[in-house]
Amino acid sequence: MSQLSTRHLLGIKDISENDIQLIFETADNFKDVLNRPIKKVPSLRDITIANIFFENSTRTRLSFELAEKRLSADVINFSSSNSSVKKGETLIDTVNNILSMKVDMVVMRHSSPGAPHFLSKNIQANVVNAGDGTHEHPTQALLDAFSIREKLGDVAGKKVAIIGDILHSRVALSNIFCLQKLGAEVMVCGPITLLPKHIDSLGVKVEYDVQKALEWCDVANVLRIQLERQQIKYFPSLREYSLYFGINKKMLDGLGKKIVIMHPGPINRGVELNSDVADGEHSIILQQVENGVAIRMAVLYLLAGVR
């Protein structure tokens with residue numbers, strides 16, 4: 001298999017294990033490129049990519065832009081906060097105006113679940129989902145699984161606990177799909193108010209005690225409390241959340257084994273992770289950031305070959 005089975009990357013649910021393995025193998029090659037003195041390759045020098053972000057983003061947007069520039073693509077950045085969207089322009093009109101400038105690929109983040117899927121049915125360009133509401137964030141899941149593979153040698157057979165705000169997290173759903181396709185066991189852990197109803201129907205274990213989750217897992221992927229998506233109070237206070245679900249070095253030292261700590265960022269230090277954990281020997285958080293560029297280079301390169 002030398003190319004992806006789909007023209008778009010809309011979600012992990014829509015791609016196969018073979019697609020994921022091809023992305024990983026391609027990212028391995030691009031990671032070698034990123035460690036060279038000259039970090040650019042001419043792979044997409046005839047391709048124009050538009051980054052269309054309807055939600056605020058720092059790491060994802062910068063990671064995609066750097067990946068695009070490392071591949072020598074022409075890049076257009078669009079932010080809804082200073083665009084005609086504020087004047088009532090529709091999503092399709094906005095994108096079609098951009099595509100009229102002969103754009104080949106669109107990387108989009110949107111607050112509405114399904115927005116990239118809707119877009120892919122109405123335009124000719126390749127579409128990459130950079131996060132749609134609380135639905136999916138496929139490139140984050142890919143870089144997380146790639147980082148586990150890099151650290152532990154393989155994803156298959158590993159026990160991964162996703163801890164935190166599962167209810168509002170697009171990262172959690174994409175990670176569940178990706179890890180299961182690669183043969184990992186998955187557990188979700190958090191306050192009962194932050195776990196979706198019927199989450200166990202996805203084939204994951206459910207735990208409400210963070211200490212038990214840490215004792216079970218090989219990898220803990222800790223998620224941020226997404227206060228910006230919460231319309232009501234799901235727990236009394238951040239202090240209480242930290243007391244019952246925050247992870248500190250003392251907890252890790254008492255496990256009797258060494259586990260891997262991950263976080264998609266941004267970290268609420270002192271809430272879900274203490275600094276001695278986020279910056280400690282268990283953490284591969286900065287490796288996740290580095291791997292994000294290689295994974296996004298791989299996705300863009302492979303999609304450009306499926307026109």
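The values are calculated or read from the model by the stated rules, or taken from the named source; none is laboratory data. This is a predicted model, so every value here is computed, not measured. Counting neighbours? That spans all protein chains shown, and the Cβs are built from the backbone with ideal geometry, glycine included. Note: accessible area is taken over every heavy atom of the protein model, side chains too, but ligands, DNA and RNA are not part of it. Shrake-Rupley method; radii C 1.70, N 1.55, O 1.52, S 1.80 Å.
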Could you please state, rounded to a whole Å, how far the C-alpha centre of segment 15-56 is from the C-alpha centre of segment 263-287? 26
Just for segment 107-222, what percent of DSSP beta bridges are antiparallel, to the closest 5? 5
Quick one: if you stick a label point 7 Å off each Cα along the C-beta vector at TYR244 and ASP93, how many nm between them? 4.8
Note, VAL293: beta-carbon cut-off 9 Å, +1 each Lys/Arg, -1 each Asp/Glu, net +2
Under a Gaussian network model of the chain whose springs join Cα atoms within less than 10 Å, the largest fluctuation of ASN51, ASN35, ASN175 belongs to ASN35
Once you have the Cα-Cα distance between THR193 and ASP253, take 0.36 nm times their residue separation minus that, and quote the gain in nm to one decimal. 18.7 nm
Amide H to amide H under 5 Å from VAL127: which residues, 5+ apart in sequence or cross-chain, H placed 1.01 Å off N in plane? LEU9, VAL106
Largest first, please: the extent of the C-alpha atoms of the chain along each principal axis, to the nearest Å. 57, 44, 35
Per residue of segment 182-194, in order, report the coupling 6.51 cos²θ - 1.76 cosθ + 1.60 (Karplus, θ = phi - 60°) as ³J(HN,Hα) in whole Hz, putting x for Gly and Pro. 8, x, 8, 8, 10, 10, 10, 9, x, x, 4, 6, 10
Amide H neighbours of VAL222 at under 5 Å, excluding residues fewer than 5 places away on the same chain, with H built from the backbone geometry, are ILE163, MET262, HIS263
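What's the ranking of 4-14, 131-141 by average number of surrounding C-beta atoms within 10 Å, highest first?
Numbers: 4-14: 19.6, 131-141: 25.0.
So the order, starting with the most tightly packed, is 131-141, 4-14.
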Among ASN129, VAL155, ALA50, the residue whose Cα sits farthest towards the positive end of the charge dipole of the chain, when +1 is placed on the Cβ of each Lys and Arg and -1 on the Cβ of each Asp and Glu, is ALA50
For the chain, set up a Gaussian network in which alpha carbons nearer than 10 Å are linked by springs, and say which option among ASP19, ASP32, ASP74 fluctuates the most. ASP32
Tell me which residues come under 5 Å, amide H to amide H, from ASN51 once H is placed; ignore anything under 5 positions away on its chain. ILE76, ASN77, PHE78, VAL107
Return the sequence-ordered ³J(HN,Hα) values of segment 109-119 in whole Hz as given by the Karplus equation 6.51 cos²θ - 1.76 cosθ + 1.60 applied to θ = phi - 60°, using x for Gly and Pro. 10, 8, 6, 9, x, x, 4, x, 5, 4, 5
Residue-wise HN-Hα coupling along segment 4-10, computed from phi with Karplus coefficients 6.51, -1.76, 1.60 (Hz; x: Gly, Pro): 5, 7, 9, 7, 10, 10, 9
Can you give me the span-like helices of the chain, meaning DSSP H runs with 27 Å or more of Cα extent along the axis and Kyte-Doolittle mean at or above 0.5? 285-304
Rank SER112, SER169 by accessible area, highest first, at a 1.4 Å probe radius? SER112, SER169
Ignoring ligands, DNA and RNA, what percent of the accessible area of segment 1-127 is carbon or sulfur (1.4 Å)? 46
Which values of log₁₀ I(q)/I(0), to two decimal places, follow from the Debye formula for segment 110-264 at q = 0.11, 0.20 Å⁻¹ with a uniform point scatterer at every Cα? -0.45, -1.31
